[in-house]
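Report on one structure; see the data block that follows.
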Amino acid sequence: NAGVTQTPKFRILKIGQSMTLQCTQDMNHNYMYWYRQDPGMGLKLIYYSVGAGITDKGEVPNGYNVSRSTTEDFPLRLELAAPSQTSVYFCASSYSVPHTRGRGYGYTFGSGTRLTVV
Amino acid sequence: DAKTTQPNSMESNEEEPVHLPCNHSTISGTDYIHWYRQLPSQGPEYVIHGLTSNVNNRMASLAIAEDRKSSTLILHRATLRDAAVYYCILRDPYTNAGKSTFGDGTTLTVKP
């Protein structure tokens, strides 16, 4: 299993450009999440999805959009990039039902996308 | 979402036990307590989770207070590789789509 795969790992955008951050998981998790992490800070939830075709806003959704057409994929779209969106973006997935053993209900995170907007 | 409170930083000596505290006084009956750690330039990594009873795995132990308003992550013998930011979060599988609020965590420094 590859787990949660994020691409690209690094990207520099100019102000006003758009891009899509890709996230794919191969664990058949129905819950997926996008977080951003600013330097020295914790993670803030941008958007989340409980299954294909269902998405909802988190704490900081402005300037972003998501879609979930399949269980595996949960891309994050940035429209009209701004310097305030400079951050590290993490995608995560999990089962919806807590398992009594192991990490079954824990988040699995991707390795992140480091985005700089100049 | 229920919030957690952790100390900003802690220090430990190598090969000594480390107790990382977390307060969650507004925890609900269906919240699971999770711990994650984040090494420099990496994504957070699952460590352990529990509901009411203490839990052990190969990485750590989780001690949960009887009233569930606090918990402690125990690393039995700290190594230099345990230096990381540790996050304590709450996840409710039955409401809120299991989404969680991550605070700033505890930065653990391990001294040789």
Open item on the list: So, in segment B:15-39, how many residues would count as being at pLDDT 95 or above and within 15 Å of A:GLY106 (Cα to Cα)?
Closed with: 4
- [ ] Would you confirm whether any residue within segment B:69-88 is farther than 28 Å from A:VAL50 by Cα, crowded, with 18+ Cβ neighbours inside 10 Å and either without any contact (Cβ under 8 Å) to a residue 12 or more places away in the chain or out of contact with any Leu (no Cβ under 9 Å at 6 or more places or on another chain) (or both)?
- [x] yes
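If you check B:ARG37 against the conditions, is it more than 9 Å from every other protein chain (Cβ to nearest Cβ), surrounded by 22 or more Cβ atoms within 10 Å (Cβ to Cβ) and either within 16 Å of A:ALA92 (Cα to Cα) or out of contact with any strand residue (DSSP E or B) (no Cβ under 9 Å at 6 or more places or on another chain) (or both)?
yes
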Open item on the list: Anything in segment A:37-48 that is crowded, with 16+ Cβ neighbours inside 10 Å and either at the interface with chain B (Cβ under 8 Å from one of its Cβ atoms) or within 18 Å of B:ALA84 (Cα to Cα) (or both)? List them, or say none.
Closed with: A:GLN37, A:GLY42, A:LEU43, A:LYS44, A:LEU45, A:TYR48
Open item on the list: Show me the strands (runs of 3 or more DSSP E) entirely contained within segment A:1-104 in which 1 or more residues are over 18 Å from A:VAL118 (Cβ atoms).
Closed with: A:4-7, A:19-25, A:31-37, A:43-51, A:54-57, A:64-66, A:76-78, A:87-94
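Inspect segment A:43-53 for any residue being in contact with a helix residue (DSSP H, G or I) (Cβ under 7 Å, 6 or more places away or on another chain), within 21 Å of B:HIS49 (Cβ to Cβ) and without any contact (Cβ under 8 Å) to a residue 40 or more places away in the chain and give the result as yes or no.
Looking for residues that are in contact with a helix residue (DSSP H, G or I) (Cβ under 7 Å, 6 or more places away or on another chain), within 21 Å of B:HIS49 (Cβ to Cβ) and without any contact (Cβ under 8 Å) to a residue 40 or more places away in the chain, one finds at least one in segment A:43-53, hence yes.
The values are calculated or read from the model by the stated rules, or taken from the named source; none is laboratory data. These figures come from a predicted structure and were not determined experimentally. With ideal geometry, Cβ positions are generated from the backbone for all residues, glycine too; neighbour counts draw on all protein chains shown.
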